[in-house]
Amino acid sequence: MQLNLKRPLIFFDIESTGVSVGHDKIVEICLYKVFPNGEKQVRTYRINPLMHIPEQATKIHGIKDEDVKNEKSFKELSSELNEFIADSDLAGYNSNRFDIPLLVEEFLNAGVEFDIDSRHTIDVMNIFHKMEQRTLKAAYQFYCQKDLINAHSAEADTEATYEILCAQLDKYQNTSFDDNGKITYPIVNDVEALEKFTKNSSWVDMVGHIVYNEKGEESINFGKYKGKSIKELLMTDPGYISWMLKADFPLSTKRTISQIRLKEISNIGI
C-alpha cells in the first residue's frame, strides 16, 4: 500500500552511545525519506559523538570509537541534516520515547532551531502494542485460542497463566532466539532455564531501582546519580544512601541497599 502523504515522511533510526537522552550522543542515523509521489531517498551518517562509546553500546550496534573517530560531529552535520529533514514528518520504532527526544537534544546542543511541534510523528511500535495487546486476556486468546471468562478474578487469571505457559512450551519448542547475534533455544520445559530467560538479569532489587552496570557493580538506576555505583556514593555522598533508606522506597529495595552498604563498608573499611 502506498502511503497517503501530504508532505514527505522520514522513517529514521538512531544508534547511540547509550539510552540517556540528556547524556548520550548519536553515533549513526539513517533517514529514509518517502515523498508524496512515492519517490524515496535514503541517507545514512556515521557521527563522531566526541565521547567514548561504551562497550555495552558497542555490543548492540557494533560501532566502536575507531569507527567514527574521523567522522563529522553532529554539530558539523546539523545544518545538512536539518535541511534534509526540512518540513518532513517523522516516523520510527519506539521513536517517541527515544529517537525523537535524542534528535531534538542533539539539534539543541548544536544551536540549530529544529521545530518538532509543527511536525506529525508516528511511532510504529505504539501501533503494534495497541493493536496487538499484551494483556493476559489477549495472551490467552493468542496461545490457547480461548476467551478468558471472569478476567481479573484471581482464580481465572492464575489458571489461564498456567495454560498459557504450557501452550508457549509447545509453540516455541525448538524455536531460536537472537540475543544480539547469540542464537539460543531458550523456551524449554525447565524452570531454571525459563527463569533465566524471563528474569531481568541487570536488576539487583525487585523493581530495578538498583542495577548492575557494565562492570558488574551495583548502581543507582534513577535520579541525579543514575549510573553511579553505590560503592562510589558511599565514598562521595554517603548521605544520599542514608536518604534512600529513609525515603519512600519499597522495603525490598531498602533491604538490598542495606546489604550492599554493609558489604562495601566491610570491603573499603569506612
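Any read-out appearing in this document is the output of simple, stated calculations on the displayed coordinates, not a laboratory observation. Since we're looking at a predicted model, the values are computed, not measured. Positions of Cβ are generated from backbone atoms using ideal geometry, with glycine treated the same way; all protein chains shown enter the neighbour counts.
All Cα-Cα separations within segment 136-181 were binned at 10 Å from zero, giving a P(r) of 27, 43, 20, 9, 0, each value a whole percent of the pairs.
Based on the convex hull around the alpha carbon atoms, segment 210-268 presents an average projected area of 3.8 nm². Here the Karplus relation 6.51 cos²θ - 1.76 cosθ + 1.60, evaluated at θ = phi - 60°, turns the backbone of segment 61-72 into coupling constants of 10, x, 9, 10, 3, 5, 6, 10, 5, 9, 7, 6 Hz, with x for every Gly and Pro. Which distance in Å, rounded to a whole number, links the C-alpha centroids of segment 28-70 and segment 202-255? With segment 28-70 and segment 202-255 each reduced to a Cα centre, they are spaced 33 Å. Derived scalar couplings between HN and Hα for segment 247-252 equal 7, 7, 10, x, 4, 5 Hz in order, rounded to whole Hz, by the Karplus curve 6.51 cos²θ - 1.76 cosθ + 1.60 (θ = phi - 60°), x for Gly and Pro. Distance in nm between label sites at Ser266 and Lys146, each 7 Å beyond Cα in the beta-carbon direction? In this crude label model, Ser266 to Lys146 measures out at 4.9 nm. The ellipsoid equivalent to the alpha-carbon distribution of segment 161-270 has semi-axes of 36, 16, 12 angstrom, derived from the gyration tensor eigenvalues as √(5λ) and listed largest first.
Pairs Lys25/Lys224; Lys224/Lys254; Lys33/Lys72: which are spaced more than 20 Å apart, C-alpha to C-alpha? Violating the 20 Å Cα-Cα cut-off are Lys33/Lys72. A Förster distance of 30 Å, applied to the separation of the beta-carbon atoms of Thr198 and Lys40, puts the FRET efficiency at 0.15. Taken about its Cα centre, segment 93-174 carries a charge dipole of roughly 280 debye when the Cβ of each Lys and Arg holds +1 and the Cβ of each Asp and Glu holds -1. Coupling constants for segment 27-37 follow from the phi torsions by the Karplus curve (6.51 cos²θ - 1.76 cosθ + 1.60, θ = phi - 60°), and in residue order they are 10, 7, 9, 10, 10, 10, 9, 10, 8, x, 7 Hz; glycine and proline get x. Enumerate the aspartates and glutamates that Lys263 could reach by cross-link, defined here as Cα to Cα under 14 Å, with residues fewer than 8 away along the same chain left out. Partners found: Glu217, Glu218, Glu232.
Across the alpha-carbon atoms of the chain, the computed radius of gyration and Dmax are 23.2, 70 angstrom.
Less than 5 angstrom separates the built amide H of Ser73 from those of Asn48, all sequence-distant by 5 or more or on a different chain. Compared with the alpha-carbon gap, the fully stretched path from Asp237 to Val191 is longer by 12.5 nm at 0.36 nm per residue. The label-point distance for Glu76 and Ser20, in a model that sets each label 7 Å from Cα toward Cβ, rounds to 2.6 nm. In this structure, the amide hydrogen of Asp13, modeled 1.01 Å from its nitrogen in the peptide plane, lies closer than 5 angstrom to those of Cys30, counting only residues at least 5 positions away or on a different chain. Paramagnetic label reach from Lys254 (point 7 Å along Cα→Cβ; backbone nitrogen cut-off under 15 Å): within segment 212-244, residues 241-244.
Model label points for Leu5 and Lys246, set 7 angstrom from Cα along the Cα-to-Cβ axis, are 5.7 nm apart. Amide H contacts of Ile122: Leu90, Ala91, Gly92, each under 5 Å away and 5 or more positions distant or on a separate chain (H built 1.01 Å from N in the peptide plane; Pro and chain starts excluded).
Dimensions of segment 9-128 along the principal axes, based on C-alpha atoms and rounded to the nearest Å, stand at 40, 32, 26, largest first. Residues Thr198, Thr184, Thr253, Thr17 in ascending order of nearby Cβ atoms (within 10 Å, fewest first): Thr198, Thr184, Thr253, Thr17.
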